[in-house]
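Working notes for the structure below.
The values are calculated or read from the model by the stated rules, or taken from the named source; none is laboratory data. None of the values given here were measured: they were computed from a predicted structure. Cβ: placed from backbone, ideal geometry, glycine included. Neighbour counts: every protein chain shown.
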Amino acid sequence: MTHPDPYDLPLSVVEALAPVTRRLVLNRRGSTVWEVGNERGRWAVKLGYPIAATRDWPAQPWTALAPAREGAVLRQITCDAVLYGVWEHGTWNVQPWREGRNLYDLWEPCRSGETPMTPGLAHAAACAEALAALHAQGWVHGDIQPAHFIIGPGGAHLIDLALACGGEVPAEYDFPYRGCLVHYESPEISRSVLASGTAVPTMQGDMYALGASLLISATGRRHVAYPDDAPRTVQRQAIVDSPHRPVTVPGVLGKLIEQMLSPVPADRPTSAEVYNELNQQRW
């Protein structure tokens, strides 16, 4: 469910960027994203606001804080110019626009069967490299999914770091980690969320999510089968109780996905190991 009318840029953002162009990119529950152009370049502007409760969904106040939390994270892990602040409905951030296509869209020909395309090892290696760079800084992403890998001429960029953990976050913008998009959630994260409502994101959880992301992007199939319309608790219980679907991706990539989807976190390869293996296979 989206906000009926996308929120426009707050005055504080307009004053900071002096926009020349703007394009609505996303308008969904709790978040509106604009692409803004000015004399200095192109920028992604994220606006967060709370999600009201509905018959099917509880209220989600944390979405109002997510842009500022992500801004605080980005300032610690990148040299890019990043701004963040508050507006009347929540918080916002401004970060450089990443040009490219996300992993799921890039591998659409693999899923459609319209062309004899197999998943590109170069794309998978670029994703693993981006995640390895984050892990090398001591950070966990916490929300790995295909849409968060933007692959362009310069490699892959990891975006949407609002749930990342690994450093200090201003208390006024912080909130508990309650899991990620269930399609990519590891069994141990799902188990913790079911038991307590929260979890601790880990690098091993990121690796499971990377395996699930590569699997669904290549095959269109989620890592575990569960009904689309089932409550989150039912979907998470399926992840805890059920083995992952068979990995039908051929070659070394399929072998690595199988390892990343291990139910035992310690048995999963690291992001650096996955990158090194894939990078060797590319040549």
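Summary of values
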read-out: Residues being part of a helix (DSSP H, G or I) and either within 21 Å of the chain's Cα centre (by Cα) or surrounded by fewer than 17 Cβ atoms within 10 Å (Cβ to Cβ) (or both) - total across the range 255-277; value: 15
read-out: Long-range neighbours under 7 Å by Cβ, at least six apart or interchain, first residue surrounded by 15 or more Cβ atoms within 10 Å (Cβ to Cβ) within the range 162-176, second of a type in the set (Asp, Glu) and modelled with pLDDT under 95; value: none
read-out: Lone unmet requirement of (1) part of a helix (DSSP H, G or I); (2) over 21 Å from the mean Cα position of the chain (by Cα) for residue 243; value: (1)
read-out: Positions within the range 37-75 being out of contact with any Pro (no Cβ under 8 Å at 6 or more places or on another chain), surrounded by fewer than 17 Cβ atoms within 10 Å (Cβ to Cβ) and either not small (Gly, Ala, Ser) or not assigned by TED's automatic domain parsing to the domain that holds residue 23 (or both), in sequence order; value: 39, 40, 54, 55, 56, 57, 58
read-out: Some residue of the range 222-245 being at positive phi and not assigned by TED's automatic domain parsing to the domain that holds residue 73; value: no
read-out: Any chance residue 240 is more than 20 Å from residue 138 (Cα to Cα) and in contact with a Gly (Cβ under 6 Å, 6 or more places away or on another chain); value: no
read-out: Of all residues making up the range 146-158, the number that are crowded, with 19+ Cβ neighbours inside 10 Å and either in contact with a His (Cβ under 7 Å, 6 or more places away or on another chain) or modelled with pLDDT under 95 (or both); value: 3
read-out: Flag if residue 80 is modelled with pLDDT under 95, among the acidic types (Asp, Glu) and out of contact with any Cys (no Cβ under 8 Å at 6 or more places or on another chain); value: yes
